[in-house]
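Below is one structure, written out as structure tokens; comments come after it.
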Amino acid sequence: MGKIMLDGHAIPFKLGDNILQTALEANLEIPHFCYHAALGSLGACRLCAVEITPKDSGKAPRVAMACLEPSEDGLKVSVSAIAAQQVRQHVIEFLMINHPHDCPICDEGGECHLQDMTVVCGPPYRRYRGRKRTFPNQDLGPLIHHEMNRCITCYRCTRFYQDYALGNDLGAMRLRNEVYFGRFQDGPLENPFAGNLVEVCPTGVFTDAIFRQHFARVWDLKTAPSICPHCSVGCNTLPGARDGTLRRVRNRAHPELNRWFICDRGRYGHQYSEHSARPLAPRVSGTDTSYHDALNAAASQIKSTQDCIGGLGSTREDLEGNAMLQALLNNLGGIFTAFSDPKLETATIAAVSSLQNIGNAPSLAEIEQIDAALIIGDLTAHAPMIDLALRQAYRKGAKLAFLYSSPTPLAQFATTAITVSPQEMCTELSRLYQLINAQSAAEDITDTPMTDIAASLMGARKSLLIGAIETMTSQEVSTLSKLATALGSDTKLAYAFSGANAYGAALLSPTGSAVAMLEAVEAGQIRILIVAGNDPLGDSRFGTRWRAACRNLSALIVLDCILTATAKAADILFPVAAWTERGGTFINYEGRAQGFATVFHRPEYLPNVARVITDLAQYLGHSLQAAPSVLGDIFSDFQIPKPGTTGSLITAPSLPMPATASAHSIQESCNSTWQAALASWYGDEALASFAPGLMALTPKTVAMIEPTSAIDAGIKNGSKIKLRGSSGSMVLSVRFNQDVATGTIAIARNVLVQLGVGHGDSLELEQVL
Amino acid sequence: MNKKQTNNYTLALIKGLGRSLWAVLRHAFVKRETVSYPDIKRTLPSRWRGRIVLTRDPDGEERCVACYLCSAVCPVDCIHLQARQNGDGRRYPETFSIDFSRCIFCGFCEEACPTLAIQLTPDFEMCERHHESLVYEKNQLLIDGQGKHPGYNFYRHAGVAIPGKAIGEAEGDTPPVDRDNNLP
Ligand code: SF4
Ligand code: SF4
Ligand code: SF4
Ligand code: SF4
Ligand code: FES
């Protein structure tokens, strides 16, 4: 620790920091382009010139690059020195020689680093009268617009894309003053984090192609701190809206979660709220009506019934909405659960319970520091930013081990990757548990990959066990948590939940309530069902049962902001505010309660779920407490977290570990040899599936099968097969894929829904000739 | 106040009054500056800041590229627009409205406009009975001519491609670099 003298001010520095970092840390700006906190120094742009006076008085002051010069105690640095100013001015003047006359039509304008630096450092007028070099542009897909003329060769894009996000389809080409940043051929960028180029590039080379369709300048955008609703990581975002429509979403730094980046689902998934089919007016029996009439209709249905009432919350509904629905059901004497899928419910509750017992999940910043990890399932789709954090751990040398049933992009960085069919996953985990428990890993030669995993986990300084809950059973969850206990306190446990508020939903849902609800609807005991933000009818595993059961209902009341299968079937539909149009609280995968604020209002009246429930209760003659006090009753000394703060871990009564015996009984064994596995991709999520830009990148629907087991069954690559599940059949073409487990067919979610099977369920296969 | 001072003061008063009376008398006989508006209308200087128009470039295309600079600089916030893109890359305002009941005709928008699209004209006769009628929409603003700056076409200088002008075909551009080739 020491201090540098920056233009006469003493600025403290951390050892190992350079002058630029020291200055930025102290909120003092030294002009720069290529330095980026996450990507480090490169010395490519030469803009960060400063004058340094060596301590040794015999030496003359010299101009150096602040981003490359380590801070030393007593070092005299001048940003304002004439020599340094001149260097910066020349750098800008040279960059401007070839820069196009584009600012009025450039989407970066107004938040352009180059504009700012030109105003700060550059000459006010252009002296060069020669000709400009130009570059052709590329079609980089529906999400990113490319305008290569505006490049200033800072190399931030490739450093982010290749070095940080470990993508390989964007790079630098050519040489001299003609360096080109793009893909080898036109085509969408493949990396799930490519959207960050928009923020990383200091100029308008990469801009948001979705925002471009309905562009507004940054100074016209209404913003407020928000939380990404597309997965349980809970990245902090800054959505921007104008004229009653949402225009874009950008990253908002959280010191422990997403610091500089978010995933493309978080950045582009927001289009669901602008979807043309989004319900915006309350509907009763298919006709649009007023909010008041819809409330009246719902209230009279509820009043007239003698039967029990069901309230189905959701893992993507905020804490307030779920808690208010639960409070209403408590008042009416009905059943509440936040899960439509009993299997997901037990797995989620088991996971939350094991986190409560073992200790909280690590933050993204902590995940980056681990040196060994065991990953169950696909994180790229279920928690994209955990995937990016693990990529950072991998860059630092962490050993990543995988047990997975269907392809996962992260497995390309695996030290050990074992494909395991869904039904054998639990056995394999138990085997690993035994290996670690017996401490005899080294002797077991017949089982090399598994012993490798055991050895790397046991040898690690900090290790992580993480699984994607949607593709896990509660038995697997409890085995994984036993594994974590066996490995000791240096091992962290984490789960990628399904739904932004799945952790909170689990805290509110009693174990077994999902199956109780489904059975009560099937038995005709529940005749009125209130669904808030859930889609039981569109569920893959239980959709068939829910669809049949819902015929028994006298009224299906749905509150949602997207037109799901359930919302389409609703007798009474209340359109509610999307996440950017309301405030609330999500609990993320760590158990961190984070608040988000209302960014803007639409012209239509769109209340949030808590509001609709409160109003409905009033129409029924009940008066509910306000959401904060309802939550205060459930969680002792709970304070609604303030939007824009880092949030705090929730203290909740501990959940009992669900009995695991029942978990597997749902799946009757059948004589079929094939099992289904969910083949997910990073855009695969309920809300994001209404975002047209992102959905344009959906992988082709095929049946992925492991080559050996396919050839054994006489199936050829590219041939057609017919798959049959409980609710239908579908013909698909076969694609061989080494990353699918033996005896498993990996298919996309929409196919699973159509077939009526879930991850791990049996499938019948028939060859089509 | 002494007597001498009072005398001086009265003298100055009479002198002043006399001068004014003389001026009035003289002006009764000189040529008149006022005209009998609206029967007679004056020709205003072309730099007069009156009704705002959106002009077209020499090719007859809309000049405005919806950059939002005029609306940003407007001190009374009376310009509202929304940008759109043609499939081919040309950007234009989908909607453009100016609330002339708020406009103070300062001319800042014209000064900010990088494409010379928005121009103030010497027309000030815009009385309306209702406030809403003073909100001019794009069809009322967009004229067919180039206004007072003939000849300028922003897209001929910009780096982006539009129909009829590919990358590297702007004024002062070199043909685009072949990225697949490392030869100098
Ligand atoms: S990159 Fe910046 S300086 Fe260049 S055209 Fe765009 S806004 Fe203007
Ligand atoms: S494309 Fe952008 S990030 Fe990449 S080198 Fe050019 S200016 Fe830098
Ligand atoms: S990782 Fe999850 S929370 Fe973060 S931006 Fe992506 S979808 Fe949103
Ligand atoms: S400043 Fe000119 S080009 Fe920009 S929006 Fe206004 S009129 Fe259009
Ligand atoms: S920031 Fe130092 S050279 Fe670019």
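Straightening the chain between A:ASP139 and A:GLU764 buys 220.9 nm, computed as 0.36 nm per residue apart minus the Cα-Cα spacing.
DSSP beta bridges fully contained in the protein assembly as shown are about 60 percent antiparallel. The alpha-carbon of A:LYS642 sits under 19 angstrom from the alpha-carbons of these lysines, leaving out residues fewer than 8 places away in its chain: A:LYS222. Taking Cα centre as origin and charging only the Cβ of basic (Lys, Arg, +1) and acidic (Asp, Glu, -1) residues, the dipole magnitude of segment A:3-96 rounds to 140 debye.
Legend: mean number of C-beta atoms from other chains within 10 angstrom of residue C-beta atoms, peptide A:98-109, equals 6. Among the trypsin sites (Lys or Arg not before Pro) in segment A:502-577, those located in a DSSP loop and surrounded by at most 13 other Cβ atoms within 10 Å of their own Cβ are A:ARG551. Taking the helices alone, the protein assembly as shown has a mean residue ellipticity at 222 nm of -7500 deg cm²/dmol, built from -39,500 (n - 2.57) per DSSP H run of at least 4 residues and averaged over all its residues. Note on A:LYS720/B:ASP180: beta-carbon distance plugged into 1/(1 + (r/R0)^6) with R0 of 35 Å gives a FRET efficiency of 0.35. Please say if segment A:3-96 is rounded, prolate or oblate, where rounded means a/c under 1.5 for a ≥ b ≥ c the square roots of the C-alpha gyration tensor eigenvalues, and otherwise the choice is prolate for a/b larger than b/c and oblate otherwise? Taking the square roots of the gyration eigenvalues as a ≥ b ≥ c, segment A:3-96 is oblate. Spin-label model, A:THR698 to B:PHE29: label points 7 Å out along the Cα-to-beta-carbon direction sit 9.4 nm apart. Each residue of segment A:317-327 is assigned a 3J(HN,Hα), and the resulting list reads 7, 5, 4, 4, x, 4, 5, 5, 4, 4, 4 Hz, derived from the Karplus form 6.51 cos²θ - 1.76 cosθ + 1.60 (θ = phi - 60°), x at Gly and Pro. The H on the amide N of A:ILE526, modeled in the peptide plane, is under 5 Å from the matching H of A:VAL521, each at least 5 residues off or on a different chain. Taken one residue at a time, the phi angles of segment A:81-93 give Karplus couplings (6.51, -1.76, 1.60, θ = phi - 60°) of 4, 4, 4, 5, 4, 5, 4, 5, 4, 5, 4, 5, 5 Hz. Gly and Pro are set to x. Treating r as the C-beta distance of A:ASN437 and A:VAL179 and R0 as 35 Å, the FRET efficiency rounds to 0.05. To the nearest ten degrees, helix A:474-487 and the longest principal axis of the Cα atoms of chain A are 50 degrees apart.
Converting phi to 3J(HN,Hα) with the Karplus coefficients 6.51, -1.76 and 1.60 and the offset θ = phi - 60°, segment B:106-117 yields 7, x, 4, 4, 4, 5, 7, 5, x, 10, 6, 6 Hz in sequence order, with x at every glycine or proline. Around the amide H of B:VAL135, modelled in the peptide plane, lie the amide H atoms of B:PHE100, all under 5 Å away and 5 or more residues distant in sequence or on another chain.
Longest stretch of chain A clear of exposed loop sites (chymotrypsin sites (Phe, Trp or Tyr not before Pro), DSSP loop, at most 15 other Cβ atoms within 10 Å, sites excluded): A:261-604. The shape of segment A:365-473 comes out oblate: with a ≥ b ≥ c from the C-alpha gyration tensor, a/c is at least 1.5 while a/b does not beat b/c.
If the segment from B:LEU21 to B:HIS157 were pulled out straight at 0.36 nm per residue, it would be longer than the present Cα-Cα gap by 42.8 nm. Taking 22 Å as the straight-line reach from the Cα of A:LYS14, the lysines in range (excluding those fewer than 8 positions away in the same chain) are A:LYS3, A:LYS55, A:LYS76, A:LYS396.
Peptide A:216-227 has a mean shielding of 2, counted as Cβ atoms of other protein chains within 10 Å of each residue's Cβ.
Relative to the dominant Cα principal axis of chain B, helix B:3-27 is inclined by about 60°. The aspartates and glutamates within cross-link reach of A:LYS492, meaning a Cα-to-Cα straight distance under 14 Å and a gap of 8 or more places when in the same chain, are A:GLU366, A:GLU368, A:ASP371, A:GLU590.
For A:ALA532, the residues whose modelled amide H falls within less than 5 Å of its own, excluding neighbours fewer than 5 places apart on the same chain, are A:LEU312, A:GLY313, A:LEU559.
Where a number appears in this text, it was derived from the coordinates with a stated rule and is not lab data. These numbers were taken from a predicted model, which means no experiment stands behind them. When we count neighbours, we look across all protein chains shown, and the Cβ atoms used for this are built from the backbone with ideal geometry, even at glycine.
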